[in-house]
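Novice: The structure that follows is given in the form of structure tokens.
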Amino acid sequence: MGKNGIDHQMSYGNGADESEFDDDVLDEEELAELDEELAADERIVAYEQLCSMIVQALSHTSLKLYHFQNLFNINTLDREFKVIIGLSNGSLLDRLGGAAAELNLVWEAANSLLSLYGNEGLCSPYHEPADWCSHQDFGSSPSVDMTLKYRASEAVIESIRDDDDVNRVAEQLRTLFSSDSAEGDVEVNFEAIYAHGELKLTSAVVQYDILLEDELKDVELLQQILNDLAREVFTNLKKMASAFPFDKSK
């Protein structure tokens, strides 16, 4: 449920590689045709197409995809897509066994108009396409915000005993992600719950944002960016697994 309590949610497959998105993944010929259509009409990719391209990029790496979610806000008409990502040699059902990533994107309602009608889509709710307005001079500025969250395994959290351990884990995570091409500073946050009179840490999270803009009009470029992102996710999860090895003997 969304923060306003009215979001509708559709979930696709809680097991790895069982998403209904798999049936809609675009092949190379379909991507080429889509690129031509967008260029001709000054449109951007549709929400479903973008989600399928993300799934396609992630599926081409040694990653498992879990718990796809589609959220639809019936007040704002915004949409949201989420997927949890893990290494193929691990199980998210065993949270002690390894790290996981969550990819989340927010699709504003205006993007749906741009994907259907191009620049004219911004004007169509208000006047006839033939009527002049300022949108025709300035054009559209589509954007999609994506957020990547990496969660360290519970074994990492259980190794924390005091503030020094918190600082140690935080610094290790910053070092792992410091060379990445994330926009802005990489955030390291610790989540906790208060129960039975004490504060207990539950997770260590690394988060950064990725902004898609002009790439939404160029399918080939967009797919390259998403492929690079998928490889980055795989590399980061491998680095986290190496930095925080799981001792199964404990």
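Novice: Out of the residues in the stretch 107-145 that are part of a loop (DSSP other than H, G, I, E, B), at pLDDT below 70 and out of contact with any Phe, Trp or Tyr (no Cβ under 7 Å at 6 or more places or on another chain), state the one that is surrounded by the most Cβ atoms within 10 Å (Cβ to Cβ).
Specialist: First, the residues of the stretch 107-145 that are part of a loop (DSSP other than H, G, I, E, B): 108, 123-133, 139-143.
This time we only want the ones that are at pLDDT below 70, so: 124-125, 129, 139-140.
Pick out the ones that are also out of contact with any Phe, Trp or Tyr (no Cβ under 7 Å at 6 or more places or on another chain) and you get 125, 129, 139-140.
Working: Pro125: 7, Pro129: 13, Gly139: 11, Ser140: 20.
Only one residue fits best here, namely Ser140.
Novice: Hey, can you tell me all the residues within the stretch 101-123 that are among the aromatic types (Phe, Trp, Tyr) and out of contact with any strand residue (DSSP E or B) (no Cβ under 9 Å at 6 or more places or on another chain)? Before the answer, list the steps.
Specialist: Our first condition is that a residue be among the aromatic types (Phe, Trp, Tyr); within the stretch 101-123, this holds for 107, 117.
Hit for the stretch 101-123 is Tyr117, nothing else.
Novice: While we're on this one: Which residues, taken from the stretch 146-160, are open to solvent by 50 Å² or more (accessible area, probe 1.4 Å) and touching a strand residue (DSSP E or B) at 6+ places or on another chain (Cβ under 6 Å)?
Specialist: Lys149, Arg151
Novice: Something else now. Would you say Val206 is in a strand (DSSP E or B) and free of Cβ contacts under 8 Å to residues at least 24 places away in the same chain?
Specialist: Working: in a strand (DSSP E or B): yes; free of Cβ contacts under 8 Å to residues at least 24 places away in the same chain: no.
Judged against the criteria, Val206 is not a match.
Novice: Counting just the residues of the stretch 209-235 that are free of Cβ contacts under 8 Å to residues at least 24 places away in the same chain and either open to solvent by 60 Å² or more (accessible area, probe 1.4 Å) or out of contact with any helix residue (DSSP H, G or I) (no Cβ under 6 Å at 6 or more places or on another chain) (or both), which one comes out farthest from Leu105 (Cα to Cα)? I'd like the intermediate steps shown before the answer.
Specialist: Restricting attention to the stretch 209-235, the residues satisfying the condition of being free of Cβ contacts under 8 Å to residues at least 24 places away in the same chain are 214-215, 221, 224-225, 228, 235.
Next cut, either open to solvent by 60 Å² or more (accessible area, probe 1.4 Å) or out of contact with any helix residue (DSSP H, G or I) (no Cβ under 6 Å at 6 or more places or on another chain) (or both) only: 214, 221, 224, 228, 235.
On the way: Asp214: 16, Leu221: 18, Gln224: 18, Asp228: 17, Thr235: 21 Å.
Checked the stretch 209-235; the qualifying residue farthest from Leu105 (Cα to Cα) is Thr235.
Novice: Can you give me the ranges of the strands (runs of 3 or more DSSP E) entirely in the stretch 1-97 with at least 1 residues that are open to solvent by 30 Å² or more (accessible area, probe 1.4 Å), farther than 27 Å from Gln224 by Cβ and modelled with pLDDT of 55 or more? Can you show your working first?
Specialist: Values: elements: 7-12, 63-73, 79-87.
Per the criteria, 63-73.
Novice: Confirm whether Phe244 is aromatic (Phe, Trp, Tyr) and at pLDDT 85 or above.
Specialist: Numbers: aromatic (Phe, Trp, Tyr): yes; at pLDDT 85 or above: no.
No; evaluated as a whole, the condition is false for this residue.
The values are calculated or read from the model by the stated rules, or taken from the named source; none is laboratory data. Owing to the predicted nature of the structure, the values given are computational and were not obtained by experimental measurement. Cβ: placed from backbone, ideal geometry, glycine included. Neighbour counts: every protein chain shown. In case anyone asks, the SASA skips ligands and DNA or RNA and just uses the protein heavy atoms, side chains included. Shrake-Rupley method; radii C 1.70, N 1.55, O 1.52, S 1.80 Å.
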